[in-house]
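A.B. asks: One structure coming up, written as structure tokens, with questions to follow.
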Amino acid sequence: SLSAAFDLPRVQLQLWSEGEPTSPILKKFAEEHAAPRCGNANTDDIHRAAKLALNDEQIQSLALVPLYQPTSEIISLTIDNPPSNLGLLILGSYQECQFSPEMGTTYLRQIGDLTSAALIRVTTLCEN
């Protein structure tokens, strides 16, 4: 699991097709951003909403990874033309510096890509 592999106390997968998201703020973020976002758990409304969704007051830093329907036109995506959003992966850490705004997000984006592809595959298999 991601939690064990990266020594994270909290990992949550929010899928919009499973019902209402924990927070409209998180759904709006995920729908408007294709790139992961990292930072202090108390920085802004988005991070505070994610910390609340994890239901753990000890969380100090977070990574928010939007999950989306892969597209061959991923390079041309903009905030005005985001991919079809599936949900949000929230990674929470007790360490304040584990997820910082300055860190690169390439690896987190790859985790999001793999998670999205797996979700689409499972959904497709279940529909057939």
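The values are calculated or read from the model by the stated rules, or taken from the named source; none is laboratory data. All values derive from a computational prediction rather than experimental measurement. Virtual Cβ from ideal backbone geometry, glycine too; neighbours counted across all protein chains shown. Ligands, DNA and RNA are excluded from the accessible area calculation, which covers all protein heavy atoms including side chains. Shrake-Rupley method; radii C 1.70, N 1.55, O 1.52, S 1.80 Å.
A.B. asks: Between E31 and T106, what is the label-point separation in nm under the 7 Å Cα-to-beta-carbon projection?
C.D. replies: Here the modelled spin labels are 3.2 nm apart.
A.B. asks: Using a 1.4 angstrom probe on the protein heavy atoms only, could you order Y94, Y68, Y107 from most to least accessible area? Before the final figure, lay out the partial values.
C.D. replies: Working: Y94 95, Y68 15, Y107 130 Å².
The most accessible residue leads, giving Y107, Y94, Y68.
A.B. asks: Calculate the FRET efficiency for D45 and A118 from the Cβ-Cβ distance with a Förster distance of 25 Å, rounded to the nearest 0.05. Can you show the working numbers first?
C.D. replies: Details: r = 30 Å, r/R0 = 1.18.
In this case the efficiency is close to 0.25.
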